[in-house]
Amino acid sequence: MNQLRLNPLTGRWATVATGRASRPGQFAIDHGHPADPGTDSCPFCPGHEEETPPALETYGTDGRWLLRVVPNRYPAFSGAGELTVEHLGPLFAKAPATGIHEVLVLTPEHRHSWADLDDRQVGLVMAALRDRLEDHAGTTGIRYSQAIVNHGRAAGASVRHPHAQLLGIPFVPGELLEELAGFGRFEGGCLLCATVAAERDAGHRIVLDTERAVAIAPWWSGSPFELLVVPTDHDGHLHRASPASLVAVGRAVRDVLARLRGLLGDVSYHVVLHTLPHRSADAFHWHAHVVPRIHSTGGFELGTGVPINIVAPEDAAAVLSG
Ligand SMILES: [Zn+2]
Ligand SMILES: [Zn+2]
Ligand SMILES: [Zn+2]
């Protein structure tokens with residue numbers, strides 16, 4: 001089992017998952033796509049179902065699947081149990097990296113990405129995320145679940161076939177704790193409901209505005225063309241949102257990814273979904289971050305946590321909203 005190790009300088013956990021590094025090409029970073037073996041040897045293509053562990057969920061009709069959820073073959077988190085911290089002296093704290101690590105094969109279409117999904121398929125993706133998050137929420141020991149899409153090699157993708165990952169982990173991670181603290185500090189109601197209202201008033205950072213979802217280039221953008229997709233209905237937990245709200249966010253993510261591709265080409269990106277930790281009633285509003293990986297992080301950013309963004313969000317919104 002992998003190990004969690006606490007960084008006493010920051011109070012944040014790191015996962016030591018050595019089994020994953022043995023994969024060839026793991027340390028090669030460039031801006032292309034993972035080597036594409038083609039549909040004949042892709043473990044996520046139809047006809048290759050035996051090459052993945054048995055599916056946790058399958059969506060589709062007429063014996064033909066449209067979306068599969070399978071356990072990750074190289075799980076960063078695995079096994080049941082609450083976070084059990086062991087202290088080896090005053091500095092070295094560790095815990096077993098228990099949890100769930102699964103893969104959502106987003107479509108049978110090998111060469112598509114989220115940007116290419118039709119409305120029905122987007123609906124299936126969001127329904128599958130909701131179903132799995134509901135399952136995680138009912139699983140003892142899982143405190144938080146992180147859904148991600150890594151597209152392109154610079155974003156860490158190792159398989160070309162479009163897929164998302166969902167990791168259920170036994171603690172609330174530092175990034176979420178910081179966002180939760182932000183919601184707690186804000187005195188004007190819900191921080192993201194207020195952001196949607198303020199950006200609708202301002203207008204010039206809105207990339208896409210539908211009735212139930214808004215995509216904005218946030219005021220505080222730390223990297224070029226970073227986007228925030230917010231449902232206009234207030235829900236803390238993604239899995240408690242209405243089907244209409246889920247579908248609206250899924251479509252907005254698709255549409256901004258298509259616009260980014262139209263503007264920048266098929267660049268690497270991350271989609272990161274933030275939802276309230278399980279069984280928490282804190283102030284929060286679920287949302288998605290879409291972050292193109294088109295610049296490399298410098299030492300100043302690493303040393304300070306202060307990003308230097310060379311594209312103002314207003315300029316990003318101007319070219320993306322056209
Ligand atoms: Zn494939
Ligand atoms: Zn809200
Ligand atoms: Zn967030």
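The figures follow:
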item: Residue count for the range 270-304, restricted to those that are in a loop (DSSP other than H, G, I, E, B) and under 21 Å from residue 316 (Cβ atoms); result: 6
item: Tally of residues being surrounded by fewer than 21 Cβ atoms within 10 Å (Cβ to Cβ) and either within 15 Å of ligand 2 (Cβ to nearest atom) or part of a helix (DSSP H, G or I) (or both) across the range 255-269; result: 7
item: Filter pass, residue 210 being more than 22 Å from residue 186 (Cβ to Cβ) and among the β-branched types (Val, Ile, Thr); result: yes
item: Strands (runs of 3 or more DSSP E) (entirely within the range 1-109) containing at least 2 residues that are at pLDDT below 95; result: 3-7, 12-16, 57-61
item: Residue identified as under 23 Å from residue 100 (Cα atoms) and of a type outside the set (Ser, Thr, Tyr) among 295, 285, 270; result: 270
item: Breaking point among (1) closer than 22 Å to residue 196 by Cβ; (2) out of contact with any helix residue (DSSP H, G or I) (no Cβ under 8 Å at 6 or more places or on another chain), for residue 305; result: (1)
item: Residue satisfying all of: in the range 284-322; surrounded by 18 or more Cβ atoms within 10 Å (Cβ to Cβ) and among the small types (Gly, Ala, Ser); nearest to the chain's Cα centre (by Cα) among these; result: 288
item: Every residue from the range 214-256 that is more than 30 Å from residue 310 (Cβ to Cβ), touching a residue at least 40 places away in the same chain (Cβ under 8 Å) and of a type in the set (D, E, K, R); result: 235
item: Residues of the range 214-229 that turn out to be assigned to a loop (DSSP other than H, G, I, E, B) and not charged (D, E, K, R), as a count; result: 9
item: Residues (assigned to a loop (DSSP other than H, G, I, E, B) and of a type in the set (A, V, I, L, M, F, W, C)) located in the range 110-127; result: 117
item: Residue check for residue 189: touching a Ser or Thr at 6+ places or on another chain (Cβ under 7 Å) and either at pLDDT 95 or above or in a loop (DSSP other than H, G, I, E, B) (or both); result: no
item: Candidates 208, 167, filtered to the one that is more than 26 Å from residue 102 (Cβ to Cβ) and part of a strand (DSSP E or B); result: 208
item: The one condition in (1) within 15 Å of ligand 3 (Cβ to nearest atom); (2) touching a residue at least 24 places away in the same chain (Cβ under 8 Å) that residue 141 fails to fulfil; result: (1)
item: Qualifying residue in the range 117-136 (condition: of a type outside the set (Lys, Arg), in contact (Cβ under 8 Å) with a residue 24 or more places away in the chain and in contact with a Pro (Cβ under 7 Å, 6 or more places away or on another chain)); result: no
item: Among the residues listed as 109, 86, the single one being acidic (Asp, Glu), touching a residue at least 24 places away in the same chain (Cβ under 8 Å) and either surrounded by fewer than 16 Cβ atoms within 10 Å (Cβ to Cβ) or touching a helix residue (DSSP H, G or I) at 6+ places or on another chain (Cβ under 8 Å) (or both); result: 109
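Per-residue answers, yes or no, for (1) within 28 Å of residue 128 (Cβ to Cβ); (2) of a type in the set (A, V, I, L, M, F, W, C); (3) within 16 Å of ligand 2 (Cβ to nearest atom); (4) surrounded by fewer than 17 Cβ atoms within 10 Å (Cβ to Cβ):
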{"position": "160", "(1), (2), (3), (4)": "yes, no, no, no"}
{"position": "182", "(1), (2), (3), (4)": "no, no, yes, yes"}
{"position": "187", "(1), (2), (3), (4)": "no, no, yes, yes"}
{"position": "197", "(1), (2), (3), (4)": "no, yes, yes, yes"}
{"position": "205", "(1), (2), (3), (4)": "no, no, no, no"}
{"position": "220", "(1), (2), (3), (4)": "no, yes, no, yes"}
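The values are calculated or read from the model by the stated rules, or taken from the named source; none is laboratory data. In this text the structure is predicted, and so the values were computed from the model without any measurement. Ideal geometry is used to build each Cβ from the backbone, glycine not excepted, and the neighbour counts take in all protein chains shown.
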